[in-house]
Amino acid sequence: MEKSREVRAILDRHGRHDTKIVASGDLNEFKIEELTAHGAPIDSFGVGTDLVTSRDVPALSVVYKLVETETGGIVSPKNQIQRREGLLARPQTGLPLFRSGEIPPRLLACARGDYPEASPLLEPVMRSGRRLAPAPPVKEIRERALANLARLPEAYLALRDAPIYPVQKSAALDKLLDDVRAQHFGAAVKPSHSDGGL
């Protein structure tokens, strides 16, 4: 912080007012927030390590689950299921539903469902080991990322104490889970759902 002020003073003293200062070195969003809050004369920040690593959660717990099989053209949902709890059957996709120009709750739905009012967050890029389309240029990826960030309500952009982004399950996904549960345990077991009628 003090170094940036010293450098800015030297540059200005020699008439280099248009020279920009770039800060780098183990920066993250919290360090950048602190620097800008204290008025450090830094024009841009270079962030590398914290973009490609996860310091706060270095281990990512991921488990592969078989959710459906296809034999002779017949698709059968599969679940690892307990009496009152179960994982969601069927391949799923997250769909942000756009209403009134805002991003309301994300909808977790079956990948093959039809939701004309939504656009998928996840799209397949490979099938049978081959890309489905050429990779978009970096400029296009950046523009799309900035456009999506601009659509988020301000509350979700907070660095601290941000609200949890609401996620709802579609009625079709809940029904499928109920059907699989009933197949194994009978129709008497009925968990509570909060799909909001979606």
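The values are calculated or read from the model by the stated rules, or taken from the named source; none is laboratory data. Remember, predicted model here, so these are calculated numbers, not experimental data. In this analysis, Cβ positions are derived from the backbone assuming ideal geometry, glycine residues included, and neighbour counts consider all displayed protein chains.
One table, with the values for the structure above:
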| item | result |
| --- | --- |
| Test: residue in segment 155-165 that is modelled with pLDDT under 80, assigned to a helix (DSSP H, G or I), out of contact with any strand residue (DSSP E or B) (no Cβ under 7 Å at 6 or more places or on another chain) and on the phi < 0 side of the Ramachandran plot | no |
| Scope segment 1-33; condition of a type in the set (Asp, Glu), more than 16 Å from residue 43 (Cβ to Cβ) and part of a loop (DSSP other than H, G, I, E, B); matching residues | 26 |
| Residue check for residue 86: under 30 Å from residue 178 (Cα atoms) and at pLDDT below 95 | yes |
| Subset tally (residues that are of a type in the set (Lys, Arg) and surrounded by 11 or more Cβ atoms within 10 Å (Cβ to Cβ)) for segment 17-43 | 1 |
| Answer residue from segment 20-58, given it is hydrophobic (A, V, I, L, M, F, W, C) and out of contact with any strand residue (DSSP E or B) (no Cβ under 9 Å at 6 or more places or on another chain) and is nearest to residue 158 (Cα to Cα) among those | 30 |
| Failed condition for residue 61, given (1) surrounded by fewer than 10 Cβ atoms within 10 Å (Cβ to Cβ); (2) within 20 Å of residue 159 (Cα to Cα) | (2) |
| Residues located in segment 126-180, provided they are farther than 30 Å from residue 33 by Cβ, hydrophobic (A, V, I, L, M, F, W, C) and surrounded by 10 or more Cβ atoms within 10 Å (Cβ to Cβ) | 132, 171, 172, 173, 176, 177, 180 |
